[in-house]
Amino acid sequence: KGAGYEQWAKIFNLKQMAQTINYLTENKLLAYEDLEKKAKDITDNFNQLSTEIKATEKRMAEIAILKTHIINYAKTRNVYTSYRKTKKKKKFYEDHTTDLLLHKAAKTAFNELGMKNLPTVKTLQSEYADLITQKKKAYGLYRTTKKEMQEVLTAKANIDRLLQSETPDKEKEKPLEQR
């Protein structure tokens, strides 16, 4: 590290601080309390959007699995009914193992979900389409909010660093409780 590095670092810091001051002025965040509140609010908003998106994605995954089980159940119902009626169960099971296992898996899934009346595939597709729309809208807000949050947190970090560097050295040496 030479004198050139230190000079470059000072120029970079000055440019960064100028950008921070411009950002704070443009967004009317000239009081530190306002900056803190904005940082907290935007972070809370970002976390809320993130939670909403995760919940939407979880429901979409549940619908996809449920839809698969409903379709498998419908396709294998006749095979299962025939299996229950046949006298040669072992031979029938050997011939139709895949269908019978799919049917059993679907019934197990419905029982685990406590479902007595199954929704139609059309209803699930409609709900899935609505969820996709919600997710796209939330992702748009998410990206915008994330960018804004990064700007605010960067500005706050720069101001915190500036305020920290202005603290007299004797203050920095004292334990936090004594300040």
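The values are calculated or read from the model by the stated rules, or taken from the named source; none is laboratory data. No experiment lies behind these values; they were computed from the predicted model shown. Positions of Cβ are backbone-derived with ideal geometry, glycine not excepted, and every protein chain shown enters the neighbour counts. We work out accessible area using only protein heavy atoms, side chains counted, and drop any ligands, DNA or RNA first. Shrake-Rupley method; radii C 1.70, N 1.55, O 1.52, S 1.80 Å.
When the range 100-128 is filtered for residues that are in a helix (DSSP H, G or I), touching a helix residue (DSSP H, G or I) at 6+ places or on another chain (Cβ under 8 Å) and either of a type in the set (Asp, Glu) or open to solvent by less than 50 Å² (accessible area, probe 1.4 Å) (or both), the ones remaining, listed by number, are 100, 103, 105, 106, 109, 110, 121, 124, 127. In the range 7-17, the qualifying residues are those that are open to solvent by 50 Å² or more (accessible area, probe 1.4 Å) and of a type in the set (A, V, I, L, M, F, W, C), and the one that is modelled with the highest pLDDT is 14. Filtering the range 129-140 to residues that are open to solvent by 90 Å² or more (accessible area, probe 1.4 Å) and either touching a residue at least 24 places away in the same chain (Cβ under 8 Å) or in contact with a Pro (Cβ under 6 Å, 6 or more places away or on another chain) (or both) leaves only 134. Inspection of the range 60-78 finds no residue satisfying the criterion of being open to solvent by less than 60 Å² (accessible area, probe 1.4 Å), part of a helix (DSSP H, G or I), over 30 Å from residue 131 (Cα atoms) and not charged (D, E, K, R). Residues in the range 19-59 that are assigned to a helix (DSSP H, G or I) and of a type in the set (A, V, I, L, M) were compared, and the one that is most open to solvent (accessible area, probe 1.4 Å) is 21.
Would you mind finding the one in 100, 24, 30 that is under 22 Å from residue 143 (Cα atoms) and either modelled with pLDDT under 90 or not small (Gly, Ala, Ser) (or both)?
Details: 100 fails: under 22 Å from residue 143 (Cα atoms); 30 fails: under 22 Å from residue 143 (Cα atoms).
When all the criteria are applied, what remains is 24.
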